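Participant: Please find one structure pasted underneath; my questions will follow.
The values are calculated or read from the model by the stated rules, or taken from the named source; none is laboratory data. In this text the structure is predicted, and so the values were computed from the model without any measurement. Methodologically, a virtual Cβ is constructed for each residue, glycine included, from the backbone with ideal geometry; neighbour enumeration extends over all protein chains shown.
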Amino acid sequence: MTTHTSRSLAIAAEGLRKAYGDKTVLDGIDLAVPTGTVFSLLGPNGAGKTTAVKILSTLLSADAGDLRVGGHDLATDPQAVRATIGVTGQFSAVDGLITGEENMLLMADLHHLPRREGRRSTAELLERFDLAEAANKPAATYSGGMKRRLDLAMTLVGAPRIIFLDEPTTGLDPRSRHNMWKIIRELVSGGVTVFLTTQYLDEADELADRIAVLSNGEIAAEGSAEELKRLVPGGHVRLRFTDPTAYQTAALALREATRDDDSLALHISSNGSQRELRSILDWLDSTGIEADELTVHTPDLDDVFFALTGDAGVPHQPTEKTR
């Protein structure tokens with residue numbers, strides 16, 4: 001388990017187990033989520049992501065494990081955990097028959113907020129989530145992106161310090177996804193901890209401080225996006241030349257490089273680290289060879305996902321590149 005003091009952890013799980021009959025969904029996993037960070041749990045369909053969220057948010061009991069959320073023991077003090085967290089699930093909790101504002105005020109009542117405080121919180125959140133103009137329209141008339149924003153705004157009525165987002169952008173168009181990302185970043189900059197499950201690999205890459213890949217009930221790997229990418233071979237530096245003579249000279253000198261004679265390019269195996277790039281640049285300088293273009297290619301999270309989970313499942317592919 002990652003070494004942190006338990007006090008600095010928003011979520012700490014050791015030996016989390018859950019089975020349905022003879023099917024083990026979570027097989028003794030450990031999780032450590034520092035306060036004020038985004039932690040993303042990746043995995044194919046059926047890997048146990050939603051089960052983990054349900055357990056950590058007190059909606060489902062674990063079969064075993066020492067579990068603490070917001071410093072509170074899940075087994076002995078679930079009520080204190082519930083007072084600390086907010087949950088936005090895969091399926092919207094929005095009531096389409098009432099207005100956006102009425103949905104928000106209903107949540108304020110459920111949190112037992114005084115009427116004046118509930119109205120103030122509702123007005124602030126509707127403004128923050130760009131829903132003020134639509135506040136008095138039935139939620140059924142909202143677009144998918146607006147419903148997801150309202151869903152998250154409703155989750156924030158009680159000012160939770162830890163938020164579980166279970167596939168929050170599934171089905172949203174690229175603009176709505178980017179708007180949701182912006183909101184998540186703002187929450188985290190305010191000290192909120194976000195536990196995110198997603199099948200959009202670029203989403204985890206974009207938002208998460210740490211990522212864990214769940215496969216067959218176990219954590220197959222955990223680390224930052226960059227650390228995970230370094231687990232997968234295939235990274236290389238590409239040197240492209242416009243001068244055939246310079247290309248031939250470089251190819252003869254760099255015998256370990258893979259040649260691409262058609263495009264006058266050399267591929268040098270590399271993990272993309274600063275040290276390796278510096279040594280390649282120093283070598284080019286010392287030999288007087290000048291490449292017209294140098295690009296670094298590293299494996300992306302798609303490569304990591306497939307390497308770690310095999311054919312267990314295929315994640316959603318985004319319709320756009322974010323980087």
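Each row is one residue, and each column tells you yes or no for (1) surrounded by fewer than 21 Cβ atoms within 10 Å (Cβ to Cβ); (2) of a type outside the set (A, V, I, L, M); (3) in the same structural domain as GLN90 (by TED's automatic domain parsing); (4) on the phi > 0 side of the Ramachandran plot.
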position	(1), (2), (3), (4)
THR197	no, yes, yes, no
GLU203	no, yes, yes, no
ILE211	no, no, yes, no
ARG240	yes, yes, no, no
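Participant: Given the conditions (1) at pLDDT 95 or above; (2) in contact with a Lys or Arg (Cβ under 8 Å, 6 or more places away or on another chain); (3) among the hydrophobic types (A, V, I, L, M, F, W, C), and given that VAL94 satisfies all but one, which numbered condition is not satisfied?
Facilitator: (1)
Residues are listed down the side, and each one gets a yes or a no for (1) under 30 Å from ALA307 (Cβ atoms); (2) within 21 Å of the chain's Cα centre (by Cα):
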| position | (1), (2) |
| --- | --- |
| ALA52 | yes, yes |
| GLY65 | yes, no |
| ASP73 | no, no |
| VAL87 | no, yes |
| LEU110 | no, no |
| ARG116 | no, no |
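Participant: If I filter region 177-194 for residues that are in a loop (DSSP other than H, G, I, E, B) and either among the basic types (Lys, Arg) or closer than 30 Å to ASP262 by Cβ (or both), do I get at least one hit? It would help to see each step written out before you state the result.
Facilitator: Of region 177-194, the ones in a loop (DSSP other than H, G, I, E, B) are 190-192.
Subsequent filtering for residues that are either among the basic types (Lys, Arg) or closer than 30 Å to ASP262 by Cβ (or both) retains none.
The answer is no, given that none of the residues of region 177-194 is in a loop (DSSP other than H, G, I, E, B) and either among the basic types (Lys, Arg) or closer than 30 Å to ASP262 by Cβ (or both).
Participant: So, in region 59-70, of the ones that are modelled with pLDDT of 95 or more and farther than 9 Å from LYS18 by Cβ, which residue ends up surrounded by the fewest Cβ atoms within 10 Å (Cβ to Cβ)?
Facilitator: ASP66
Participant: Oh, and also: If you take the residues in region 73-105 that are outside any loop (DSSP other than H, G, I, E, B) and of a type in the set (S, T, N, Q), which one is surrounded by the fewest Cβ atoms within 10 Å (Cβ to Cβ)?
Facilitator: Taking region 73-105 as the starting set, the residues that turn out to be outside any loop (DSSP other than H, G, I, E, B) are 73, 78-88, 99-105.
Checking the rest, the ones that are also of a type in the set (S, T, N, Q) come to 79, 84, 88, 99, 103.
Numbers: GLN79: 8, THR84: 17, THR88: 22, THR99: 19, ASN103: 26.
So the residue we want is GLN79.
Participant: Next question, about the same structure. With ALA108, ALA132 as the choices, which residue is on the phi < 0 side of the Ramachandran plot and assigned to a helix (DSSP H, G or I)?
Facilitator: So the residue among ALA108, ALA132 that is on the phi < 0 side of the Ramachandran plot and assigned to a helix (DSSP H, G or I) is ALA108.
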